[in-house]
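The values are calculated or read from the model by the stated rules, or taken from the named source; none is laboratory data. Since this is a predicted model, take the numbers as computed values, not measurements. Virtual Cβ from ideal backbone geometry, glycine too; neighbours counted across all protein chains shown.
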Amino acid sequence: MAHRLSKSRFQTGLQCPKALWLKCHAPELADETDEQRQHIFDTGNAVGELARTAFPGGVLVEEDHTRSGEALKTTERLLADPPPALFEAAFTHGGVFVRPDVLVRTPDGRWDLYEVKSSTSVKPEHITDVAVQTWVLEGAGVPVRRAHLMHLDNTYVYDGERYDVDALFAAEEVTEAAREFMPQVADLVEYQLELLEGPEPDVRIGKHCDSPYTCAFKGHCHAFLPELPVTALPRLTDDLLASLLEANHLAIEDVPLDHPGLSAAQRELCELVRSGEARIDPGAAEVLRALEYPLHFLDFETVMSALPLYAGTRPWQQVPFQWSDHILHTDGALEHREFLHELASDPREHFVTSLLEALGDSGTIVVYSAFESTRLKELAQALPRYAARIERVLSRLFDLLATVRAYVRHPDCLGSSSIKAVLPALVPELSYEGLEIAEGGAASLRYLQTVTRSCTPDEADRTFAALREYCALDTLAMVRIYEVLRGE
Ligand code: SF4
């Protein structure tokens, strides 16, 4: 059966010919769609639907992707007496099928194309997306006057009542860039269609597996790699990876230290993994001895949404809804305090007041990265009546990550200083494994789903309990890492 391309297949083929081939011939080999990937998809749909309201009088071609033949017929019928705008109209040309998000009729009988994205800027992959659509449209006899990328404007501030679509979206004209790419489209389409008729192409793994998108077949293609694979080497280039794979050096410990092209940092990691020896410089204990008790080990969780949830917030703004504070007293006693906003309302005021009360006026506040500091500065701006007290909190922050980076070398961390890498290496008895929520992205998404969708009280309770467990572990992890670095 002859294959057909869609704009999404075309884009996949640009990223990797093998991914395109697998998508068409062996889709069952794709990684399972996880909650976060599904959420990205749902977000795109919600943003796309909202964008349509900026084009009054537009008509939606309703047939979904399983009814493309009918969608083509509906589009043809609508074009006979065109409305001011068409949403999801269907066109085919040269073996490629596309459904542009928005087409607006112009006075001279041509059309303006709007491709809607939930990002906050134009990215190179958006240009090829618009280019292939324009190529199909013009090939199908639909002249395009201008092409635009309609993305979210991250300076837009939500009033809490309704989205002002004219301010929420920014439409950037990309006609020139798309037309610059268009002369290549015909050859690329021909190449991709031919490729689909042949055997599975042999493509080596590389940076393209994650750029511009994480490939759906990564699990399948990367399955041959051992634990501690060479792909974990810092700043690995495609050339170096190719030379390592050709020499059959799949694990970091297999890499000869004189392998051509290794950087100093990569060689250091290879040496470390080979030696298997953890090195904690005593300088870490010295730095930590200077901290003032009581020591607060603090962590925030935030929620992010393409479409702002609360008045005064912007698209994709990180809004803190939960904190955990493990307090280590001079006598060694460990106390835990926490806050989690369990309502659909804006969490920020309750978050700040409860936090300021818990942190009091004394003691160093230990965080892991600049994340908490950035959120606190944003909170000071959003809630100026607390700004002075937040400023004092900021002056007490200490970043444990910087100390780990400077003084800890552990073979199991694979060059990463993230808490998820450092905890199992330094404190193996404490682990995120088995937690219902085990990383920040999942925490954000589960919170968003719980406060924005109707869920049963039992479901909400379960999510809130999982969030408390996760955030508390983050701060307990910092306490234990601190103790290891102090040599206690
Ligand atoms: S994982 Fe990498 S090599 Fe495999 S199909 Fe995807 S992009 Fe291509």
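So which of 244, 240, 195, 257 is away from the ligand (no atom under 16 Å from the Cβ) and crowded, with 18+ Cβ neighbours inside 10 Å? Before the answer, list the steps.
Working: 244 fails: away from the ligand (no atom under 16 Å from the Cβ); 195 fails: away from the ligand (no atom under 16 Å from the Cβ); 257 fails: crowded, with 18+ Cβ neighbours inside 10 Å.
Exactly one of 244, 240, 195, 257 is away from the ligand (no atom under 16 Å from the Cβ) and crowded, with 18+ Cβ neighbours inside 10 Å, namely 240.
Collect the residues in the stretch 217-265 that are assigned to a loop (DSSP other than H, G, I, E, B), touching a residue at least 24 places away in the same chain (Cβ under 8 Å) and acidic (Asp, Glu), keeping them in residue-number order.
227
I need the strands (runs of 3 or more DSSP E) fully contained in the stretch 321-428, keeping only those with at least 2 residues that are over 21 Å from residue 310 (Cβ atoms), in contact with a Leu (Cβ under 9 Å, 6 or more places away or on another chain) and among the β-branched types (Val, Ile, Thr).
365-367
Among the residues of the stretch 384-397, are any modelled with pLDDT of 95 or more, touching a Pro at 6+ places or on another chain (Cβ under 9 Å) and under 24 Å from residue 286 (Cβ atoms)? Full working, then the answer.
So in the stretch 384-397, the residues modelled with pLDDT of 95 or more come out as 384-397.
Remaining after also requiring touching a Pro at 6+ places or on another chain (Cβ under 9 Å): none.
No, the stretch 384-397 contains no residue that is modelled with pLDDT of 95 or more, touching a Pro at 6+ places or on another chain (Cβ under 9 Å) and under 24 Å from residue 286 (Cβ atoms).
Return the only residue of 146, 99 being crowded, with 19+ Cβ neighbours inside 10 Å and in contact with an Asp or Glu (Cβ under 7 Å, 6 or more places away or on another chain). Working first, answer last.
On the way: 146 fails: crowded, with 19+ Cβ neighbours inside 10 Å.
Within the list 146, 99, the selection yields 99.
Identify, from the list 270, 215, 221, the residue that is within 16 Å of the ligand (Cβ to nearest atom), buried (at least 20 other Cβ atoms within 10 Å of the Cβ), under 31 Å from the mean Cα position of the chain (by Cα) and not β-branched (Val, Ile, Thr).
Only one candidate passes the filter, namely 215.
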